[in-house]
Every structure is written in C-alpha cells, then in structure tokens.
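FYI, it's all coordinate maths here, none of it is from the lab. The shown structure was predicted, so the numbers you read here are calculated from the model rather than taken from an experiment. Neighbour counts run over all protein chains shown; Cβ positions are idealised from the backbone, glycine included.
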Amino acid sequence: MKLTLYKQFTLASSIIISTLLTFCLAGQAHANYLLDENASSLYFLSTKNINITETHTFDSISGTLSASGHLQIDIDLSSVNTLIPIRNERMQNMLFNVSEHATATYTANVDKALLTHPVGTAKRVTVEGDLTISGISQKVSFEVLIVRLNNGNISATTLKPTVLNAAQFDLGTGIEALREIAKLAQISSTIPLTFSIEFTKQ
C-alpha cells in the first residue's frame, strides 16, 4: 500500500514538473521583447561644406519585437543631439518639424526563428522595412548582425551604414533652411545611419 501511494505521488510530481517545464518553455518560445534604451544607440552623420562630417544621435528611442517577428522602432525626433543646443533646436523645428511630426518610425518583419536560436548564436541578416519621417514612408533595409545574448536578450548591430536620402522624405527644404541660417556653402542631403540596439525579453 505504501509503495502504491509512493508511486502515485511520484507520478503526480512528474506530471506537475513536466507541465511546469512545458509552460516555461512555451513562454520562452512566445516571449515578446522591449528595446532597452540604456543599452541602445542610433547615430547619423551630416556633412557640411563638402568635407566636414559630424556625428549626431537621438537620446530617446523605443521599440518592440514580438514573438512573431514584428519589429517596431520609434525615434523621438525632439531628442536629436548634435552637442550644440541651438543646432538641436533648429533641427527640431526647421528640419523635422516636431510640432507636427514628433516621431520617426521603422517597422519590419524579421524571421522569428532568429528569436529561438541557441544562446550565443550570431546571424547576419538583411532587415527590410518601412521608415516613416514627417509622414512620408520609404522602403529602407539594414545589414545587421543579430545575436542571442547569454541573458536571453537579442542584440542587433548594423554591419555597415545605411545611407538615407533626405529628399525622399521631403527634408530638402529643411536642409536648405539650415544651410542658410548657419551661413554654410553646402549641407549634404545624404545621411549615413547606424545603430546598435538590444531587446530585453519580457
């Protein structure tokens, strides 16, 4: 009798443990991710007077990556940081017009298999999606290295800059206004963009 009860207890325990493991693994497989702003950065270059190139960034970016592979990154355009306050203000108002278009958004779908690769796995991929700035959307692709980190997070780092054309987003007039007010001979309309971002598993 005692042996029978012991077997029943052992069987019940095994079922409970198996169920819990299945639940945990299913949760991992269907986990969503949030962009970790403190571990992420996005930079763009501007060139003036032909040969003077400077690096700028945005201090506030956010984003999500779903278990199905849907990616969305939001860039707070009012957080543009050129290290010169007056230039920040001019870009906010004369280039991005943040009073009407405060956020730039990038959306894409990535292979969800990348989210379940073994920890430490690195994969070179091309991410193709839609970038929306000032209400205008254009197809933009990035060559990135995606890595599953030891803590379960996902990192994505550009392998080379993606060059944007300001005219495609109707930013040409704003660039010309910046050129005139700064009394520059020229500001390039091509904008190389790079990023290194990390998504935290929820």
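What to note about this one:
- √(5λ) per eigenvalue of the Cα gyration tensor, region 31-201, largest first, Å: 31, 15, 14
- Full-extension gain in nm, Ile181 to Asn109, via 0.36 nm per residue minus C-alpha separation: 21.9 nm
- Taking the Kirkwood radius as Rh and the Cα radius of gyration as Rg, region 41-112 has a ratio of Rg/Rh equal to 1.07.
- Net charge over other residues, Cβ less than 14 angstrom from the Cβ of Tyr106 (K, R count +1; D, E count -1): -3
- Positive minus negative residues near Leu145 (Lys, Arg vs Asp, Glu; Cβ under 10 Å): +1
- Computed over the Cα atoms of region 128-202, the ratio of the radius of gyration to the Kirkwood radius (Rg/Rh) comes to 1.12.
- Longest to shortest principal axis, alpha-carbon extents of region 88-158, angstrom: 46, 23, 15
- Theoretical gain in end-to-end length, Asp36 to His101 [0.36 nm per residue, Cα-Cα removed]: 21.1 nm
- Multiplying the residue separation of Thr53 and Gln138 by 0.36 nm and removing their Cα-Cα distance gives an extension gain of 28.1 nm.
- The simple Förster model, with R0 at 35 Å and r as the Cβ-Cβ distance, assigns Val119 and Ser60 a FRET efficiency of 0.75.
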